[in-house]
Every structure is written in C-alpha cells, then in structure tokens.
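Below is one structure, written out as structure tokens; the observations come after it.
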Amino acid sequence: MRESRAEAAVWKQQPAKEADQSLLALSQESEMAGKRRVLIVGAGEVGHQLARTLQDAGYDVVGFVDDEVESVLGGLRVLGCRTDIERLVKEHDIDEVLIAYAPTWQQRLAEMLVSNGHRRVQIKVVPNIVDIVLSGPVADRVGDIPVVDITPRLPSKRLLLAKRVFDVLFASVGLLVSFPFLLLAAIAIKTTSPGPIIYKQERVGKDGKIFYIFKLRTMVADAEKVSGPVLASKGDPRITTVGRILRATKLDEVPQFVNVLLGNMSIVGPRPERPKFVEEYRERIPHYDERHRIKPGITGWAQVMGGYHTTVYDKLRYDLMYLYHMSLWLDLKILLLTVWTILKRREGC
C-alpha cells in the first residue's frame, strides 16, 4: 500500500545551483515510498531544477502550477494557477507539493493545508543566508538544494502525558497553598455583594466540547441577565470593588485548579471562550477551531504576550504558536511570565 497522503512544500528565495547530486538518496527514498506523484508550484528556473532532480530520482512529476505561464515546459504541463492548487491535489492524486516560488505562496499553502485537515503535511523551506545564520545547520535537502523543515507538529502522546502529570501536581499544590487566600476572598465577596461566591459558566474546551468553568465571582449578581453574554472590558462597571482586586491578583482564577483536576483544563493553554463568542469567531476568523485541538488553560501565551486590547486574531496567532511549539519548558516560561505580568499590573495600579 502507498504511504498515507502527505504534501511537502518548498519555496525558493535565492538563486539555485544545478541539482545534480544526492540522487542516490532521493532514489532510495522514492523506492521506499513507491512512485510518488509530485506537483511543482512555480514554473521558473528553480521549478525546472526541482523537476529534473525528482524525475531522475524516480518521482512522477505531474506538472506545474504557475500564475503567469500557460504552456508546456520541458514536457511538463502548467496545470493551473495558485487558486487551483487544492483542486489539482485532489484530481491528480498528488502525494507531494513542492513550491519553488516567492514567499507569497506561504499564506495560500498554509490555508489550504489547515482547511483540509492535512495533518501529515510536511513543509520545507529553501533558506536564504539570513535564515541559515538564525536557524543553524540545514538538516535536509532536495537534490543539492538545502531545505529547512518547518512543519507544524502537534504535541506527542508522551508530552501530553507529562503535561497531565505536571498539571495534577501543580493544581493540587496550588489549591493547598492558596486555600487561606480563597477563604479570605470568599468572606470579602459574601460580605460586600449579594450573590454566590463561586459561579460557573459554559466554555468551549478540547475538541469543541462544552464544560463548566469555575471562578470566584467578581461581578454583580446576574450581570448579564438583561444584556446577555458580553465580553468584560477594562473599567467594566459590572465588576465589584472586591472583584477588581481579585482580577488584578488573578485570585478569581484559582478555582480553575478544580477544572484542571477534573481534566477539563490544563495549567497552560489557550483561554477557553464562551460558546456564543466561539460561534462568532468561527465565522469571522479562518481556522479558529485549531485552538481547540488541546485543552484550554488557566494562563497562556496570549495572556502573557497580549492584554485587554489584543485582538482575537492576534490572540489566535499566539495560541497557535503555543500549540505547535508546546513543551514543559515553554509552560514553565509562561508561568513565570504570568507571575511577572501580575506583579507589573499591581505596580501600575
């Protein structure tokens, strides 16, 4: 059987040399994979160089995609333009897409791969000199052309297990240490504002599942009874005096340690949103649901890098950066930055 479907993307940012070496390695790879069908985006010099190299290595180069050329080049047809790439991949049963073109193709390719759920897609970049200096040694190549693998990778099962162990330990210790402060906060809430101490609210979690998040109440009771769901803002009149202190110190979020122990949340991850807002964001922002591929968190990359006025789109970018670069070290960094952010806000009060 042929290997599971995968597209590999390469775009060119510098003049290329003749790709006449490393064909043995490519041939061995093609024999192991079967005769893989390749579509090359960009019918210029680099595209033809890649085509010759891959044909010599035993790949089935189906043709080119190019916005400006409509002809047969070197015996290979230009099958369409950049907007046709999704259709061509399906119609010609393409295994790999190599992009030998300007970086403007990057956005279109990323949108295609994400929107179609191609999770095994491999994206490779032909680096320029600056990229090599910044990223270090180049670990891969196509023929004699150096490439850097920048494929977004979802967290492994081992990492998720380690993260879960960390979450349970951190949440357990967090509840024990914060208990005296929670007790004082509960007394302050009850004596200064009518209503419950803890309130629960529907949020969207991993894989789009709904769960109830727990928080110390910081607003007046029934704050949304008339208005319906409304995002809180800086200086929101619905927030009580005690609530402002709880929000500034993040004590209102401490009950979410219970959510972590229940398995609804993680210590670090994208902040969970309410179902109404998620529906709105799904319509407005492409690939918004990508953030639901992992558990939501009490704090996250978007929270330490952004603020009240950070747009939903920019928060999503931070969330996806975290998703594709997740590690326990990054979690620790975010926790330290969270503490630093809280201290800075208190100094600014």
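The values are calculated or read from the model by the stated rules, or taken from the named source; none is laboratory data. Predicted, not measured: the structure shown is a model, and the values here were computed from it. Using ideal geometry, Cβ is built from the backbone for each residue, glycine included, and neighbour counts are taken over all protein chains shown.
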**OP:** For VAL258, indicate whether it is more than 24 Å from ALA171 (Cα to Cα), aliphatic (A, V, I, L, M) and in the same structural domain as LEU323 (by TED's automatic domain parsing).
**Re:** no
Original post:
Which residues, counting only those in the range 174-192, are surrounded by 14 or more Cβ atoms within 10 Å (Cβ to Cβ) and in contact with a helix residue (DSSP H, G or I) (Cβ under 7 Å, 6 or more places away or on another chain)?
Top reply: GLY174, LEU175, ALA185, ALA188, ILE189
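When you go through THR53, THR83 one by one, which is the residue that is outside any loop (DSSP other than H, G, I, E, B), surrounded by 15 or more Cβ atoms within 10 Å (Cβ to Cβ) and either of a type in the set (Ser, Thr, Tyr) or at pLDDT below 60 (or both)?
THR53
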**OP:** Name the single residue, out of those in the range 215-236 being at pLDDT 75 or above and either in contact with a His (Cβ under 6 Å, 6 or more places away or on another chain) or within 16 Å of THR192 (Cβ to Cβ) (or both), that is surrounded by the fewest Cβ atoms within 10 Å (Cβ to Cβ).
**Re:** ALA221
Original post:
Do any residues in the range 263-289 that are more than 23 Å from ASP167 (Cα to Cα) and not assigned by TED's automatic domain parsing to the domain that holds THR338 have Cβ atoms under 6 Å from those of residues that are acidic (Asp, Glu) and surrounded by 13 or more Cβ atoms within 10 Å (Cβ to Cβ), where the two are at least six apart or on different chains, and which pairs are they?
Top reply: none
Original post:
Within the range 190-207, can you find the residues that are modelled with pLDDT under 90 and either at positive phi or assigned to a strand (DSSP E or B) (or both)?
Top reply: GLY195, TYR199
Original post:
Taking GLY269 and the conditions (1) touching a Leu at 6+ places or on another chain (Cβ under 8 Å); (2) at pLDDT 90 or above, which numbered condition does it fall short on, given that it satisfies the others?
Top reply: (1)
